[in-house]
1. What number comes out for accessible area per residue over the stretch 103-233 if the probe is 1.4 Å? Units Å², please.
2. Please check which bits of the stretch 7-44 a label hung off Phe155 would reach, taking the label as a point 7 Å along Cα-to-C-beta and the cut-off as backbone N under 12 Å.
3. Report, to the nearest whole %, how much of the accessible area of the chain belongs to carbon and sulfur atoms, 1.4 Å probe, protein only.
4. In what sequence, highest mean first, do 231-239, 255-263 appear when ranked by Cβ atoms within 10 angstrom?
5. Taking only Cα atoms, what is the 0 to 90° angle, nearest 10, from helix 249-261's long axis to the longest principal axis of the chain?
6. I need the phi-derived Karplus couplings for the stretch 90-95: 6.51 cos²θ - 1.76 cosθ + 1.60, θ = phi - 60°, integer Hz, Gly and Pro marked x.
7. In degrees from 0 to 90, rounded to the nearest 10, what is the angle of the helix 30-44 Cα long axis to the longest principal axis of the chain?
8. Would you mind computing Rg(Cα) / (2.2 N^0.38 Å) for the stretch 85-222, counting N as its residues?
Amino acid sequence: LRYYQKESIDAVLANEGQNSLVVAATGSGKSIMISGLVREILTLAPSFNILILQHRKELVEQNYDKFTKLCPELLLKSGIYSASVGIKDVNKQILFAQIQSVHNRTDFFPTIHYCIVDEVHRIKREDAGIYRNCIASLRARNPKMGLCGMTATPFRMSTGVLTEGKDPLFPEITYEVGMRELIEKGYLAPLVSKFAVNQADLSQVAIRKGEYVLSDMENAISPLTEAACDEICSLGNERKHWLLFTSGVKSAHEFASALVRRGIKAE
């Protein structure tokens, strides 16, 4: 484990009896941190049943794959429960599950002693939602169940920081490692920003439930497509591969077509 991965696990274990929140920048290896935490928990409490929750099929597969590589000795004790993956293991001590598949089926599983939630910023701050209901159901069976959440962004656009508000699930951040530190230590590639010459006018873009309205955003970006692609081709002319984030599917098609017209393979 890298030093910060070890420190995060130590901090969670030292926070026994409290809900733990680990904040680690994208690319820090949260899958490895989850695997290491599971291994350490079972070293201390070999009989514990552990549930790892994710919201996407890809995360279930990624986290399980990393776990089997880091902890091959625990392979036979681990499994997946996800309708999207097409696997529904039940009698496993370590279960990587998709929240949509298990939130109303907690009675199907053995009593859970520790729950880890990946991308925990998806949990609503208020007392609602499938994550909250799932955790409440698990704790109804075992009030002493430990809980650890991991995320790169400990807030929701609509409601704010996870550690604030009325009766927050996580009273404080247990451990945090940021992008700047990981870049300085050589664990992440350094980022070099270029301020775009052409800027979108977002004054007419509405906000709904804390998020920009997609159709408004696409309308604001669309007039800049050609000028933006000229900038992209200029700034990226020495790069082999580019990755573009656009404001939506329509915008993605517009940018791809504009790049193709410039001789760039973007189909």
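The values are calculated or read from the model by the stated rules, or taken from the named source; none is laboratory data. Just so it is clear, the structure is predicted and the values come from calculations on it, not from any experiment. Positions of Cβ are generated from backbone atoms using ideal geometry, with glycine treated the same way; all protein chains shown enter the neighbour counts. Protein only, heavy atoms only, side chains kept; ligands, DNA and RNA dropped before computing areas. Shrake-Rupley method; radii C 1.70, N 1.55, O 1.52, S 1.80 Å.
1. I get 61 Å² per residue for the stretch 103-233.
2. Correct set: none at all.
3. Carbon plus sulfur share of accessible area: 52 percent.
4. Working: 231-239: 11.8, 255-263: 15.1.
For the peptides 231-239, 255-263, the packing ranking is 255-263, 231-239.
5. The angle comes out near 50 degrees.
6. Result, rounded to whole Hz: 10, 8, 10, 6, 10, 10.
7. 10 degrees
8. Scaled against compact globular proteins, the figure is 1.38.
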